[in-house]
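The values are calculated or read from the model by the stated rules, or taken from the named source; none is laboratory data. None of the values given here were measured: they were computed from a predicted structure. Note: ideal-geometry Cβ built from the backbone for every residue, glycine included; neighbour counts use all protein chains shown. To get the accessible areas, we keep the full protein, side chains included, count just its heavy atoms, and leave off ligands, DNA and RNA. Shrake-Rupley method; radii C 1.70, N 1.55, O 1.52, S 1.80 Å.
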Amino acid sequence: MRAVISVVGKDRPGILAFVATECAKRTINIVDVTQKVLQDLFTMIMIVEIPEDLENMHKIADEFDELGQQQGLKIHFMHEDIFNAMHTI
């Protein structure tokens, strides 16, 4: 199953590494990533693949939300189908 992780926060070194490390801890594979710094605001979107044994999306989303709060980031984790439906006209 694929999901989308979006990250927004004040730019600083190590944000990409932090999120990638948290993905690796859960055996979540990063398929694609794009990031941009707008003035001092860091933004990133990742497409990831989640192993079948980790498909409790609510639990994973809650974990990433909490981790983001601890780091001063807004991390949003959602199923790829939901992301696509939200961004289709």
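Quick one: if the Förster radius is 22 Å, what FRET efficiency do Gln70 and Glu49 give, using the C-beta to C-beta distance and rounding to 0.05?
The computed FRET efficiency comes out at 0.30.
Rounded to the nearest 0.05, what FRET efficiency is calculated for Asn56 and Leu16 with R0 set to 25 Å and r the Cβ-Cβ distance?
The value I calculate is 0.50.
Take every Cα pair under 8 Å in the chain that's 6+ residues apart, average their separations, divide by the length, and report that relative contact order as a whole percent.
Answer for the chain is 41 percent.
Using amide H atoms built 1.01 Å from N in the peptide plane, name the residues 5+ places from Asp11, or on other chains, whose amide H lies under 5 Å from its own.
Leu41, Phe42
Mind checking which lysines have their Cα closer than 19 Å to the Cα of Lys36? Skip sequence neighbours fewer than 8 apart in that chain.
Hits, sequence-local ones excluded: Lys10, Lys74.
Can you compute the charge dipole magnitude of the chain about its Cα centre, using +1 on each Lys and Arg Cβ and -1 on each Asp and Glu Cβ, nothing else charged? Give it in debye, rounded to the nearest 20.
360
Counting helices only, and only those DSSP H runs with n ≥ 4, report the 222 nm mean residue ellipticity of the chain as the sum of -39,500 (n - 2.57) divided by its residues, in deg cm²/dmol to the nearest 500.
For the chain, the value works out to -11000 deg cm²/dmol.
On a 0 to 90° scale, report how tilted helix 15-25 is relative to the longest principal axis of the chain, with both axes built from alpha carbons and the result rounded to the nearest 10.
Result, in degrees: 30.
If Val48, Val33 are ordered by their accessible area, calculated over protein heavy atoms with a 1.4 Å probe, which sequence runs from highest to lowest?
Sorted descending by solvent-accessible area, the residues read Val33, Val48.
Could you state the accessible area per residue of the chain in Å², with a 1.4 Å probe and every protein chain left in place?
Accessible area per residue: 63 Å².
Using all Cα-Cα distances in the chain, what percent lands in each 5 angstrom bin from 0 up to the longest?
Per 5 Å bin, starting at zero, the Cα-Cα P(r) for the chain comes out as 3, 14, 27, 26, 18, 9, 3, 0 percent.
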